[in-house]
Amino acid sequence: MGRIPGQVPRRHRIEVAHDATLVLSDGSEQSVTITDVSSGGFRLQTGETMPIGEHVFLRVPRYGDFPAQIRWALGTDAGGVFLQPVDLPTG
């Protein structure tokens, strides 16, 4: 089944279960689990509902900090977009 007309097609997503830290715009930090990732964005699980539009850094051990923005949140699930291009590791 295809995408609904008018929607932007998604980039290829990789399912993961990777612990990370979300650094909010006020400097506070929250432990999260990244559940899928693409070169353009991510989905994660958090301990609380994230504010939509929040500018954050997704801090991933061994990979660094990635500037991002939260685009949607539903309960403890949230999704965001990277504000700079991200090269995903292969293999």
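Residue-by-condition table, conditions (1) touching a His at 6+ places or on another chain (Cβ under 6 Å); (2) over 19 Å from VAL86 (Cα atoms); (3) in a strand (DSSP E or B); (4) modelled with pLDDT under 95:
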{"residue": "SER31", "(1), (2), (3), (4)": "no, yes, yes, no"}
{"residue": "THR35", "(1), (2), (3), (4)": "no, no, yes, no"}
{"residue": "LEU44", "(1), (2), (3), (4)": "no, no, yes, no"}
{"residue": "GLY47", "(1), (2), (3), (4)": "no, yes, no, yes"}
{"residue": "VAL56", "(1), (2), (3), (4)": "no, no, yes, no"}
{"residue": "ARG62", "(1), (2), (3), (4)": "no, no, no, yes"}
{"residue": "GLN69", "(1), (2), (3), (4)": "yes, no, yes, no"}
{"residue": "TRP72", "(1), (2), (3), (4)": "no, yes, yes, no"}
Give just the number: which of (1) modelled with pLDDT under 95; (2) part of a loop (DSSP other than H, G, I, E, B); (3) not polar (S, T, N, Q) does HIS18 not satisfy?
(2)
By residue number, the members of region 74-91 that are open to solvent by 90 Å² or more (accessible area, probe 1.4 Å) and not in a loop (DSSP other than H, G, I, E, B) are LEU74
Matching residues in region 47-66 - criterion: being under 14 Å from THR21 (Cβ atoms) and of a type outside the set (Asp, Glu)
GLY47, MET50, VAL56, PHE57, LEU58, ARG59, VAL60, PRO61, ARG62, TYR63, GLY64, PHE66
Considering each residue of region 35-73, count those that are surrounded by fewer than 16 Cβ atoms within 10 Å (Cβ to Cβ) and among the aliphatic types (A, V, I, L, M), and give that number.
1
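The values are calculated or read from the model by the stated rules, or taken from the named source; none is laboratory data. Since we're looking at a predicted model, the values are computed, not measured. Methodologically, a virtual Cβ is constructed for each residue, glycine included, from the backbone with ideal geometry; neighbour enumeration extends over all protein chains shown. The accessibility values were calculated without ligands, DNA or RNA, using every heavy atom of the protein model including side chains. Shrake-Rupley method; radii C 1.70, N 1.55, O 1.52, S 1.80 Å.
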